[in-house]
1. Touching a helix residue (DSSP H, G or I) at 6+ places or on another chain (Cβ under 6 Å), within 14 Å of chain A (Cβ to nearest Cβ) and among the charged types (D, E, K, R) - does that describe any residue in region B:30-47?
2. Could you grab me the full set of residues in region A:131-164 that are under 13 Å from the mean Cα position of the chain (by Cα) and assigned to a loop (DSSP other than H, G, I, E, B)?
3. Looking at region A:126-178, which of its residues are of a type in the set (S, T, N, Q), surrounded by fewer than 24 Cβ atoms within 10 Å (Cβ to Cβ), under 26 Å from A:ILE103 (Cα atoms) and at pLDDT 95 or above?
4. Of the residues A:MET33, A:MET1, A:MET120, only one is within 14 Å of chain B (Cβ to nearest Cβ), touching a Leu at 6+ places or on another chain (Cβ under 7 Å) and modelled with pLDDT under 90; which?
5. Considering each of B:ASP168, B:ASP143, B:ASP132 in turn, give the residue that is in contact with a strand residue (DSSP E or B) (Cβ under 6 Å, 6 or more places away or on another chain), under 21 Å from B:SER18 (Cα atoms) and surrounded by 19 or more Cβ atoms within 10 Å (Cβ to Cβ).
6. Listed residues B:GLY106, B:GLY56, B:GLY27; which is more than 11 Å from every other protein chain (Cβ to nearest Cβ), at positive phi and without any contact (Cβ under 8 Å) to a residue 12 or more places away in the chain?
7. I want to confirm something. Restricting to region B:114-130 and keeping residues that are modelled with pLDDT of 95 or more and farther than 25 Å from B:ILE156 by Cα, which single residue is nearest to the chain's Cα centre (by Cα)?
8. Given A:ALA68, A:ALA22, which one is over 17 Å from the mean Cα position of the chain (by Cα) and within 14 Å of chain B (Cβ to nearest Cβ)?
Amino acid sequence: MRHLLSIADLSSTQAIQILDTAEELSRVSDGPMKKLPTLRGRTIVNLFAEDSTRTRISFEAAAKRLSADVINFSAKGSSVSKGESLKDTAQTLQAMGADAVIIRHSASGAAQRLADSQWMTGSVINAGDGTHEHPSQALLDAFTIRKNLVHGANDLTGIHVAIVGDIIHSRVARSNVLLLTKLGAHVTLVAPPTLLPTGVESWPVAISYDFDSVIENVDVVMMLRIQLERMSELFFPNAREYSHYFGLNRDRLKRMKPTAIVMHPGPMNRGLEITADSADSARSVILQQVTNGVTVRMAVLYLLLAGSQELKVQL
Amino acid sequence: MSLALPAPDMDRAITRISHEILERNSGSDSITLLGIPTRGAHLAARLAAKIEAIEGNPVQCGTLDITLHRDDLRMRPPRALMPTAIPTLGVENRNVILVDDVLFSGRTIRAALDALGEIGRPASVQLAVLIDRGHRQLPIRADYVGKNLPTSLAQIIKVQFTELDGQDAVTLEEGAL
């Protein structure tokens, strides 16, 4: 494995290897010394052409804990805002000797384009491309589910996950559907029909328009952010109606299975898709997701960058 | 392929090392055994069981993965990480005994010392190995050795444990350099 572009490219064995590696790394992160010498001398560029807090910081923390040098590059305040193309940016980074580029871009397929081109030789890690995929988020979600709910096995067989909300604009949902089903979980998408993408019938998931009929049966409720910035038209009548039918509130929280957990990839619209008391409840593992994000990204960086370039063909 | 150490001799060597560890550290109260996965961890468990049988009280025994501290990471494909399990009393002010199956270049032990330094500051660090095959590339020596086995660089030493390989044995194979 040289790049991490999409969950679709990963086999379940590779995904489990990433999760297992993260498991071992989390023990290191829990220890008194958090820094490892493993990637000393490697340069990693965070190329973020779209806003992000936790993904960028998470990748940066992961790289720094492995002693890599990190260069942050955001579109705002760089030559990208002067109209520099992705190609020129990539070639500049190559000339500076970047061993890996972590890219977030508003165009679906940007990471793939960068990896397929001859513009640079380093590894490419997709940190979210348009409405296509966000593989590291799915990996950290699977890791969090496995840590909380699976005892003994290394995959997610028998776990029932509901992904609720703005599916159509969500790369997190796409990556999660692919990864969770690949690992044996059963996924139900819950959303109003307007927020489901065309072709969703062909996905390996169940679909429901009624959150209340699903909530009692699932082990994981994964709430998605309503992505107002990607909504150019009206997808639901108003916020109050959406919250009433598809939001997670105290009443729905009470009806969940005793062991069930609440997840959210962040950033949250408190009061819209999730109420503040649900987000801060004992069932919520939202902050665990952030912590696990760093270890899972350390695992990805370790597996992509620690070995030799020539032998990297197989994971 | 020749048999360098048959099962009964292997057991005798482990018994002797156990006694040497107890003698040098005046009992088992201050010691913490840390095996380097995979086979060093099994050897550490054997030593711990032996020492417990001799002394009659439990011994601190765990594992220490050194993969992230290796100096040859860039020369090979990525390796899977193995578990690190530090026993309850930790390593602070303990007499830590690193345990590995074969001592060769010494680079594994160098990495283990680095990994140990991340966890804490032991009172002392000692090294126990089943086989010392020579060819050191670093100034490192073992405090407890099961058997010194002079080898050529082409030869391959395999340590087998019943738990993993179905039998206890150390074998020596002629390999291509």
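1. There is no residue in region B:30-47 that is touching a helix residue (DSSP H, G or I) at 6+ places or on another chain (Cβ under 6 Å), within 14 Å of chain A (Cβ to nearest Cβ) and among the charged types (D, E, K, R).
2. A:THR131, A:HIS132, A:HIS134
3. So the first thing to find is which residues in region A:126-178 are of a type in the set (S, T, N, Q), and the list is A:126, A:131, A:136-137, A:144, A:148, A:154, A:157, A:170, A:175-176.
Now restrict to residues that are surrounded by fewer than 24 Cβ atoms within 10 Å (Cβ to Cβ): A:131, A:144, A:148, A:154, A:157.
From what's left, under 26 Å from A:ILE103 (Cα atoms): A:131, A:144.
Result: A:THR144, single match.
4. Numbers: A:MET33 fails: touching a Leu at 6+ places or on another chain (Cβ under 7 Å); A:MET120 fails: within 14 Å of chain B (Cβ to nearest Cβ).
Result of the check over A:MET33, A:MET1, A:MET120: A:MET1.
5. Values: B:ASP168 fails: in contact with a strand residue (DSSP E or B) (Cβ under 6 Å, 6 or more places away or on another chain); B:ASP143 fails: surrounded by 19 or more Cβ atoms within 10 Å (Cβ to Cβ).
Selected residue: B:ASP132, the only one of B:ASP168, B:ASP143, B:ASP132 that is in contact with a strand residue (DSSP E or B) (Cβ under 6 Å, 6 or more places away or on another chain), under 21 Å from B:SER18 (Cα atoms) and surrounded by 19 or more Cβ atoms within 10 Å (Cβ to Cβ).
6. Working: B:GLY106 fails: without any contact (Cβ under 8 Å) to a residue 12 or more places away in the chain; B:GLY27 fails: without any contact (Cβ under 8 Å) to a residue 12 or more places away in the chain.
Residue meeting the stated conditions: B:GLY56.
7. Restricting attention to region B:114-130, the residues satisfying the condition of being modelled with pLDDT of 95 or more are B:122-130.
Okay, now just the ones that are also farther than 25 Å from B:ILE156 by Cα, so B:122-126.
On the way: B:PRO122: 17, B:ALA123: 19, B:SER124: 16, B:VAL125: 12, B:GLN126: 10 Å.
Only one residue tops the list, namely B:GLN126.
8. On the way: A:ALA22 fails: over 17 Å from the mean Cα position of the chain (by Cα).
Sole residue among the options that is over 17 Å from the mean Cα position of the chain (by Cα) and within 14 Å of chain B (Cβ to nearest Cβ): A:ALA68.
The values are calculated or read from the model by the stated rules, or taken from the named source; none is laboratory data. This structure is a prediction, so every number in the text was calculated from the model and none was measured. Cβ sites come from the backbone with ideal geometry, for glycine too, and all protein chains shown count toward neighbours.
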